[in-house]
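Shown next, in structure tokens, is the structure this report addresses.
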Ligand SMILES: NC(=O)c1ccc[n+]([C@@H]2O[C@H](COP(=O)([O-])OP(=O)(O)OC[C@H]3O[C@@H](n4cnc5c(N)ncnc54)[C@H](OP(=O)(O)O)[C@@H]3O)[C@@H](O)[C@H]2O)c1
């Protein structure tokens with residue numbers, strides 16, 4: 001059993017990684033800006049198995065990072081943001097660089113960095129290009145690091161299904177950005193955490209990049225349709241062309257917690273599916289989980305008329321997944 005540090009461990013993906021590490025008997029340290037926020041993670045393990053500690057990526061010194069990482073077996077970096085754009089370079093490029101340098105200096109065995117599907121240095125999206133530069137920095141400084149690139153991630157407490165289910169409960173329509181044609185390969189958060197476990201378990205995967213997608217390719221429209229069917233909300237689709245969505249995104253990004261940004265609209269212009277010729281879950285020996293059968297459970301709190309308001313049945317893949325099953 002080892003000791004692992006999970007940066008971003010209070011986040012959606014980080015929590016699942018902490019949970020899986022605990023289940024395998026590892027000791028987990030969670031550096032966070034808010035120790036209170038991390039307190040709930042303690043029940044992921046036995047007494048003393050999870051240790052939250054105060055750490056600020058912007059303010060903490062190199063020495064305090066070295067002290068934190070001294071003697072640990074592995075580090076998982078799940079820090080990432082969708083806004084504000086002005087912090088992309090600091091959090092997606094400079095921070096991974098600092099972390100990889102410290103891990104190299106201290107001889108940490110495992111460094112696993114969570115990136116995202118579709119990133120490229122030349123991307124017009126500032127999110128995608130910063131994430132790509134972060135990957136490059138990590139691999140150039142710490143060549144044994146492994147990179148995970150998930151498609152959109154679903155699971156309890158995600159910011160994806162929940163966001164649109166909320167909108168469906170508040171509005172008479174759901175926006176179909178770019179006609180809803182963009183294709184995704186939604187991946188279960190538990191499978192992403194399982195991939196981290198597989199990387200820890202074997203040295204075979206060091207220095208490699210894995211693209212993670214679920215078993216089904218679904219269009220944006222398919223996903224919204226499945227949410228509506230599951231929750232029972234009576235809403236219609238309103239097509240919103242990309243140029244109009246960009247303007248809306250620009251206006252919304254002036255808010256402290258925007259539901260859409262202009263940069264996200266750029267991301268929506270490209271499909272977010274696992275490319276050919278890449279390492280995938282299969283190479284890690286993991287059979288990914290399908291999203292559709294999980295929707296009734298994941299959207300319980302968003303049902304029309306309340307949690308017990310709408311009788312629902314699990315959605316079958318043939319109903320909502322016209323695209324190829326992978
Ligand atoms: N969710 C998805 O659908 C998805 C899809 C593809 C890739 N990803 C990638 O997966 C990773 C995890 O995503 P997530 O959905 O779990 O994100 P999340 O829930 O927002 O969590 C991100 C974590 O990053 C830390 N963080 C955020 N801003 C920070 C700042 N200014 N300074 C220091 N720490 C900060 C936070 O930790 P503290 O608040 O505790 O300090 C937070 O727990 C990210 O790299 C993301 O790009 C996510």
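Annotations
- By the beta-carbon count within 10 Å of each Cβ, the least crowded to most crowded order of 252, 291, fewest first, is 252, 291.
- The value of relative contact order for segment 88-136, using C-alpha pairs under 8 Å at least six residues apart, is 47 percent.
- Between 0 and 90 degrees, the angle of helix 12-23 with respect to the longest Cα principal axis of the chain falls at about 50 degrees.
- Measure of compaction for segment 109-258 (Cα Rg per 2.2 N^0.38 Å): 1.20
- Once the Cα atoms are used to define both axes, helix 189-201 deviates from the longest principal axis of the chain by about 30 degrees.
- The ranking of 103, 22 by Cβ neighbour count inside 10 Å, starting from the fewest, reads 22, 103.
- Tilt relative to the chain, helix 95-106 - C-alpha long axis, 0 to 90 degrees, to 10: 30
- With Cα atoms defining each centre, segment 81-125 and segment 200-255 are spaced 22 Å apart in the structure.
- Most mobile listed residue (40, 129, 211) in the chain, GNM with C-alpha springs under 10 Å: 40
- For 298, 284, 87, order by how many other beta-carbon atoms lie within 10 Å, fewest first: 87, 298, 284
- Relative contact order of the chain, defined on C-alpha pairs under 8 angstrom at six or more residues apart (%): 16
- Relative intensity, log₁₀ I(q)/I(0), of segment 92-159 from a Debye sum that treats every alpha carbon as a point, q = 0.16, 0.17, 0.19 Å⁻¹: -0.56, -0.62, -0.74
- Gain upon complete extension [residue 46, residue 283; 0.36 nm per residue less C-alpha separation]: 82.2 nm
- If you plug the beta carbon distance of residue 34 and residue 251 into 1/(1 + (r/R0)^6) with R0 = 25 Å, you get a FRET efficiency near 0.25.
- Taken along the Cα-to-beta-carbon direction at a fixed 7 Å, the label points for residue 201 and residue 53 span 2.9 nm.
- The modelled label-to-label distance between residue 64 and residue 300, using points 7 Å beyond Cα along the C-beta direction, is 3.9 nm.
- Only helices enter the 222 nm calculation for the chain: every DSSP H run of n ≥ 4 contributes -39,500 (n - 2.57), and dividing by all residues gives -10000 deg cm²/dmol, rounded to 500.
- Kirkwood-based Rg to Rh ratio, segment 3-144, C-alpha trace: 0.96
- Taking N as its residue count, the alpha carbon Rg of segment 215-300 over 2.2 N^0.38 Å: 1.37
- Relative contact order, percent, segment 3-144 [alpha-carbon distance under 8 Å, six or more residues apart]: 22
- Rg to Rh quotient for the chain, alpha carbon positions, Kirkwood Rh: 0.96
- Between 128, 54, 120, the residue with the greatest mean-square fluctuation in the GNM of the chain (Cα pairs under 10 Å linked by springs) is 54.
The numbers here are math on the coordinates, done by the rules we state, and not lab data. Please read all numbers here as calculations on a predicted model, not as lab measurements. Quick reminder, even Gly has a Cβ in these numbers, built from the backbone with ideal geometry, and neighbours come from all protein chains shown.
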